[in-house]
1. Give region 157-182 a look and list any residue that's crowded, with 22+ Cβ neighbours inside 10 Å and within 15 Å of residue 39 (Cβ to Cβ), or say none.
2. Looking only at region 30-70, which residues are in contact with a helix residue (DSSP H, G or I) (Cβ under 8 Å, 6 or more places away or on another chain) and in a strand (DSSP E or B)?
3. Would a scan of region 174-191 turn up a residue that is assigned to a strand (DSSP E or B), farther than 18 Å from residue 55 by Cα and within 15 Å of the chain's Cα centre (by Cα)?
4. Given the condition in contact with a Lys or Arg (Cβ under 9 Å, 6 or more places away or on another chain), assigned to a strand (DSSP E or B) and over 16 Å from residue 39 (Cβ atoms), answer yes or no: does some residue in region 138-149 qualify?
5. Identify, by number, the condition in (1) under 16 Å from residue 199 (Cβ atoms); (2) modelled with pLDDT of 55 or more; (3) touching a strand residue (DSSP E or B) at 6+ places or on another chain (Cβ under 8 Å) that residue 61 doesn't meet.
6. Of the conditions (1) under 25 Å from residue 48 (Cβ atoms); (2) in a strand (DSSP E or B); (3) of a type in the set (A, V, I, L, M), residue 100 satisfies every one except a single condition; which number is it?
7. Just the residues that are under 23 Å from residue 197 (Cβ atoms) and of a type in the set (Lys, Arg), please, taken from region 64-99.
8. Does any residue in region 70-91 that is farther than 17 Å from residue 212 by Cα and among the aliphatic types (A, V, I, L, M) come within less than 6 Å, Cβ to Cβ, of a residue that is buried (at least 24 other Cβ atoms within 10 Å of the Cβ) and modelled with pLDDT under 95 six or more places away or on a different chain, and which pairs are these?
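The values are calculated or read from the model by the stated rules, or taken from the named source; none is laboratory data. This one's a predicted model, so the numbers in the text were calculated from it and none came from an experiment. As a convention, Cβ positions derive from the backbone with ideal geometry for all residues, glycine included, and neighbour counts pool all protein chains shown.
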Amino acid sequence: MLKAKRAVLLILGTLAIPMILPGAAATREQGPHWEIIGRLSEACTCSVPCGCNFGAGASPHHYCWSMMSLEIQKGHYGNVILDGLHLAGANGKKSTVWYIDDRATPEQAAALKTIASHVLPQKPHAKRKIYFQTARVTQEIGNKSQRLQIGHRGEFEADYIIGMDGKTPIVVENMQSWNVQHDVKAKTTKLYYRDSFGNKYNLKSTNSNMGRFDWTDKTPAYF
């Protein structure tokens with residue numbers, strides 16, 4: 001989860017758009033109305049279930065680092081259409097990194113960056129910086145499992161956790177870490193991430209989530 005006490009937490013290389021958000025981004029500025037609807041895929045370094053999902057602390061580590069992606073099935077930023085694009089991110093010890101879909105036009109990339117800055121503003125004088133890069137984001141959601149790959153930076157694969165009936169995934173409603181109403185619980189078979197900012201982890205059998213989101217510039221909380 002891009003969490004670390006609820007931070008989002010989420011490659012083709014080194015292209016940045018630009019790298020560090022200005023401190024002014026900590027205040028959410030007024031701009032065009034936007035809305036994005038789709039599916040979230042996420043995995044973190046916590047055991048199943050992640051305590052952060054239920055308002056508790058990270059476990060078994062004192063930290064909770066994560067990877068996530070928003071599959072935007074339908075969306076817009078003002079008049080800029082965002083259908084079919086992804087906004088991914090990763091959260092680690094050193095920083096948070098947002099990855100803009102490399103298929104986006106310059107106008108779409110700027111819109112996605114603004115949305116990400118609204119969802120997770122950079123706080124003035126914060127030690128943890130927020131960076132932006134572009135990447136090819138591959139987000140696959142199936143009936144029994146999900147997969148996310150962010151360029152050459154990282155990936156995870158996770159199987160849904162099946163309930164007592166032997167066929168239906170366990171679903172948590174209205175959890176605390178992500179603003180998704182119905183969250184499918186999953187367990188990773190791999191979770192790997194490494195970037196140029198010093199963030200890295202390589203684990204398996206950790207927590208994973210999948211659910212639908214419907215976020216706008218007026219949504220009270222995203223995670």
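1. Once the filter is applied, which keeps residues that are crowded, with 22+ Cβ neighbours inside 10 Å and within 15 Å of residue 39 (Cβ to Cβ), region 157-182 yields 158, 178, 180.
2. 34, 36, 44
3. Step one: list which residues in region 174-191 are assigned to a strand (DSSP E or B), which gives 182-191.
Adding the requirement that they be farther than 18 Å from residue 55 by Cα leaves 186-191.
Then keep just the ones that are within 15 Å of the chain's Cα centre (by Cα); that gives 191.
Among the residues of region 174-191, at least one is assigned to a strand (DSSP E or B), farther than 18 Å from residue 55 by Cα and within 15 Å of the chain's Cα centre (by Cα), which makes the answer yes.
4. Checked against the condition, which is being in contact with a Lys or Arg (Cβ under 9 Å, 6 or more places away or on another chain), assigned to a strand (DSSP E or B) and over 16 Å from residue 39 (Cβ atoms), region 138-149 yields no hits at all.
5. (3)
6. The one condition residue 100 does not meet is (1).
7. Taking region 64-99 and keeping what is under 23 Å from residue 197 (Cβ atoms), we get 64-70, 86-99.
Selection gives 93, 94.
8. 90/10
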